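Bear in mind that the values in this text are calculations on the coordinates, not laboratory data. Quick caveat: nothing in here was measured; it's all calculated off a predicted structure. As a convention, Cβ positions derive from the backbone with ideal geometry for all residues, glycine included, and neighbour counts pool all protein chains shown.
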Amino acid sequence: MILSWDKPVILFYKEKSKGPFREPFLVVRARRLTVTKSEKGKKYRGLIEDFIHYMGDVDYISTHTGPANRFVMCWMDDREDDFDKAWRKLNGVTFKTGPALKDGGRGKFGGFKRTFNARFEAEKGKLG
C-alpha cells in the first residue's frame, strides 16, 4: 500500500516513553510525503521530497541517525474534513542517513535556500 500527501507541513518530535509531546524540534514543509506500508503490515518506509525547514535544525537529524535515535512525525491530511480525524502520525521513525541537500539556490527574498530529500523507516503509524 502506497500513500502520498502533497505539500504537508511535518512536525518532528523526539520519541519518548512517557509524557505527551510538547514542542517539536523541527517543522518542515515538503513538496510530497510518500509512505509505503510493508507487505506484512508492520513497518513503513517513506520519502520526504523537496522539503525546507520552517523551524528548528535539519542537521539534528543528520547527527542522530540510526536505530538508537527514534522520532515521531505528525502532519495533517487536507483531504479529511474532520479536524480531529485529520492528524497522521508515524512512531519509531529512524533515518539511516541524514537528509540529502538537493538544492542550494537563492530564495525569493535573496537568502540562501536549502532544500532536502530524506528516506526513513517507521515502526507504527496512524495513517487513516
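Please tell me if ASN91 is of a type in the set (S, T, N, Q), in a loop (DSSP other than H, G, I, E, B) and touching an Asp or Glu at 6+ places or on another chain (Cβ under 9 Å). Taking the combined requirement at face value, the residue does not satisfy it. When ASP77, ASP50 are checked against the criterion of being within 15 Å of LYS126 (Cβ to Cβ), among the acidic types (Asp, Glu) and touching a Phe, Trp or Tyr at 6+ places or on another chain (Cβ under 9 Å), ASP77 stands alone in meeting it.
If the condition is being touching a Pro at 6+ places or on another chain (Cβ under 9 Å) and not in a strand (DSSP E or B), then segment 47-61 contributes VAL58, ASP59, ILE61. Can VAL27 be described as farther than 16 Å from ALA122 by Cβ, assigned to a strand (DSSP E or B) and under 13 Å from the mean Cα position of the chain (by Cα)? Yes, satisfied. If I ask for residues that are of a type in the set (S, T, N, Q) and either within 14 Å of HIS53 (Cβ to Cβ) or surrounded by 11 or more Cβ atoms within 10 Å (Cβ to Cβ) (or both), which ones from segment 1-21 would you list? Residue satisfying the conditions is SER4 alone. Of all residues in segment 36-46, at least one satisfies being closer than 20 Å to ASN117 by Cβ, in a strand (DSSP E or B), among the β-branched types (Val, Ile, Thr) and free of Cβ contacts under 8 Å to residues at least 60 places away in the same chain. Residues in segment 22-56 that are surrounded by fewer than 17 Cβ atoms within 10 Å (Cβ to Cβ), closer than 17 Å to THR94 by Cβ and not polar (S, T, N, Q): 5 in all.
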